[in-house]
Amino acid sequence: MIFRFLFLFVFLFIVELYAFQVFRTLLKTKWILLFYIAGSVLALIYIIYSISKYDPSVGQTQKSLFVMGFMLLVYVPKMILALTMFGEDIFRFGSGTINYFIDNDVKTSFLPSRRKFVSQIGLGLASIPFLSLIYGITVGKYNFKVIKQNIFFPDLPDAFDGFTITHISDIHSGSFDNPEKINYAVDLINQQVSDILLFTGDIVNAKAEEMHPWLETFNRLEKPKYGKFSILGNHDYGAYLEWKSNKAKEENFMAIKDLHRQIDFKLLLNENVKIEKDGQEIAIIGVENWGKHFDKIGDLNKASAGISDNDFKILMSHDPSHWEEVVKNHPKNVQLTLSGHTHGMQFGIEIPGWFKWSLAQYVYKQWAGLYENVGRYIYVNRGFGFHAYPGRVGIMPEITVIRLNKGENKI
């Protein structure tokens, strides 16, 4: 633990040292520089102190969310400045080396002086994440988007042609701080008037009590004709906290599972239900969490008991790595999987139909939107809530409406 703090302190100190070079190059007024130094020192002390006081038995709180947001707001722009200055130092060192060997009688300093325009470029580049992070914290985290997706299946039962699913994921109720915005999002879900409502896990950050202030709000989710079904996500197991006892952890887990009942969702724990329409059926399968970087509790074989390979199946599995590692080549032939988990890292760039990028793509092959493998699909929801960073930049909170269509595969 001490080594971690030491490493963090050294890293931030180097970033601060390089970032200071920008302001020293651009600002010549001494008292302004002193003000910048004092502010930077106070910010660093506050961040280090707050991190040192983090209680792993409590987990994420509104204060820890604020600290994370503040740290990113301060240090992401400064890291851009540091990289800019470091790049200039490489150039300066190369230039100084060349000048030394060409003319070692030159009386000037080995390193050329810093160039003002490089610092100006660095400051301009740093302003982009700075302003983006402010937007993400103040607006982006509640900028709910309804994304509509048509998917075609040649083996879809005729009765379900045009069947609609509203899909939400990753509520993370412990992060909410604006009842008006959450009520708006619930209204937005109700406005979709889909045939079924599916929720793919992470109702809380860690503790059941986080959802208690929001039970009334989520009880306003109207029950569609074919029901409301849900599964658990990795955060629902209390795995990221230090518990006083196994009994306390188990009691919390039981309480989290009961939250689904309290908001009128049928929680599927490695089990399935059949949905009947006009004499035909599709199967809704719900597995517990299975993650490449988490305990593999989900059991597709157990969950799909009583379902034939030829039945049309919709699988709810929180972590999309389950699809990549198991589901897409499973003999049960799951036609559609619905996941969440990634949040798209809550930071990225999306131009619909043209470009999509996030750090999430370097961790998960399927991280946002629709993916296909030999006629089997997965849709990864970008998440309803937020976690760790109290905001969203470029990757907005999502309510998905999927329409099932009878026909040839299209993507």
Positive end of the charge dipole of region 264-341 (Lys, Arg +1 and Asp, Glu -1 on Cβ, about the Cα centre): tell me which of 280, 327, 337 has its Cα farthest that way.
-> 327
Give, rounded to the nearest 20 debye, the magnitude of the charge dipole that region 258-368 has about its Cα centre when Lys and Arg contribute +1 at Cβ and Asp and Glu contribute -1 at Cβ.
-> 240 debye
Within the chain, excluding any chymotrypsin sites (Phe, Trp or Tyr not before Pro) found in a DSSP loop (not H, G, I, E or B) and having at most 14 other Cβ atoms within 10 Å, the longest uninterrupted segment runs 111-239
Lysines with Cα under 29 Å of residue 116, excluding same-chain neighbours fewer than 8 positions away = 28, 30, 78, 107
Would you mind classifying region 234-384 by shape? Square roots of the alpha carbon gyration tensor eigenvalues, ordered a ≥ b ≥ c; an a/c under 1.5 is rounded, otherwise it is prolate if a/b is larger than b/c and oblate if not.
-> oblate
Roughly what would the spin-label model give for residue 135 and residue 302, points 7 Å off Cα along C-beta, in nm?
-> 4.6 nm
Please report how far the C-alpha centroid of region 204-266 lies from that of region 147-171, rounded to the nearest whole angstrom.
-> 25 Å
Mind jotting down a quarter of the surface of the convex hull over the alpha carbons of region 268-310, in square nanometres, one decimal?
-> 3.4 nm²
Over all Cα pairs of the chain, the Kirkwood radius sets Rh, and Rg/Rh then becomes 1.07
Only Lys, Arg (+1) and Asp, Glu (-1) charged, at Cβ; region 2-138 dipole about Cα centre in debye = 300 debye
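How much length, in nm to one decimal, is gained on full extension between residue 243 and residue 266, taken as 0.36 nm per residue of separation minus their Cα-Cα distance?
Full extension from residue 243 to residue 266 adds 5.5 nm.
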Using θ = phi - 60° and the Karplus curve 6.51 cos²θ - 1.76 cosθ + 1.60, what whole-Hz ³J(HN,Hα) does each residue of region 292-300 get, with Gly and Pro shown as x?
-> 4, 10, 8, 4, 8, 7, x, 10, 5
Whole-angstrom gap from region 346-362 to region 292-315, using each part's C-alpha centre | 29 Å
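Do you know the relative contact order of the chain, to the nearest whole percent, from alpha carbon pairs under 8 angstrom that are 6+ apart?
About 21 percent, as a whole number.
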Over 22 Å [Cα-Cα, region 89-228], rounded percent = 63 percent
Residue 143/residue 54 FRET efficiency (R0 30 Å; Cβ-Cβ; nearest 0.05) = 0.60
How much length, in nm to one decimal, is gained on full extension between residue 180 and residue 33, taken as 0.36 nm per residue of separation minus their Cα-Cα distance?
-> 48.7 nm
Using only the Cα atoms, work out Rg/Rh for region 2-138, with Rh taken as the Kirkwood radius, to two decimals.
-> 1.08
Distance between modelled label sites at residue 408 and residue 14, nm, 7 Å Cα→Cβ extension = 5.6 nm
Magnitude of the Cβ-charge dipole (Lys and Arg +1, Asp and Glu -1) of the chain about the Cα centre, nearest 20 debye, reported as 1420 debye
With R₀ set to 35 angstrom, the calculated FRET efficiency between the beta-carbons of residue 280 and residue 373, to the nearest 0.05, is 0.85
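Each value in this text was obtained by applying a stated rule to the coordinates, not by laboratory testing. Predicted model, so just to flag it, every value in this text is computed and none were measured. Methodologically, a virtual Cβ is constructed for each residue, glycine included, from the backbone with ideal geometry; neighbour enumeration extends over all protein chains shown.
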